[in-house]
Amino acid sequence: EIFMAEKKKTMNVLWPAITDQASAIEASKAGFWAAVVVATVTAIFATVALVTQKEIASITAWAYVDAALFSIIAWRIRRYSRFFAVAGALLFICEKIMLAQTEGARGLPLAVIILLMFISGARGVFGYHRYSKNEQPAESV
């Protein structure tokens, strides 16, 4: 019973129910954190590649550009940008496809989890805008 509750809680993190603006805001945080993780890990690998003068998992010092892009994506997801929420997921997918050509399926389970976080973030951002239109401002007296 505890295992099922824990499993349901994990699934809610990867695919949360979006029923109002508050739940949309919470869901959007998954996309923000996915972009932060990708930017941070990419920057770390790029730094190691730069210091050692060796490619690490097909990552070179040029990956700083990628880390900067994902940093901007994280910032814009935090500001509920629909464009950047979708762009983050698409950029991540494109990069994983290109990486799979040289590295194979290594790291696939983690990539799927991060992709689900990006998708949940995009769902949250779109939900945020949908529910913000539905909420009526209080009338001032």
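Using only side-chain charges placed at the Cβ, +1 for Lys and Arg and -1 for Asp and Glu, the dipole size of the chain relative to its Cα centre rounds to 100 debye. Counting only alpha carbon atoms, the long axis of helix 63-78 and the longest principal axis of the chain meet at about 10°.
Between the helical axis of 2-14 and the longest alpha-carbon principal axis of the chain there is an angle of about 80 degrees.
Match the structure shown to one of the listed values [x] 12.3; [y] 8.8; [z] 11.4 of mean projected area of the Cα convex hull in nm², computed from it, and give that label. It is the one labelled [z]. Residue by residue, segment 85-94 carries 3J(HN,Hα) couplings of 5, 6, 4, x, 5, 5, 4, 4, 4, 4 Hz when phi is fed to the Karplus relation 6.51 cos²θ - 1.76 cosθ + 1.60 (θ = phi - 60°); x denotes Gly or Pro.
Computed over the chain, relative contact order equals 38 percent, with contacts defined as Cα pairs under 8 Å that lie 6+ residues apart.
Rule-based calculations on the coordinates, nothing more; no lab input. This structure is a prediction, so every number in the text was calculated from the model and none was measured. Don't worry about glycine lacking a Cβ; one is built from the backbone with ideal geometry, like all the others, and counts go over all protein chains shown.
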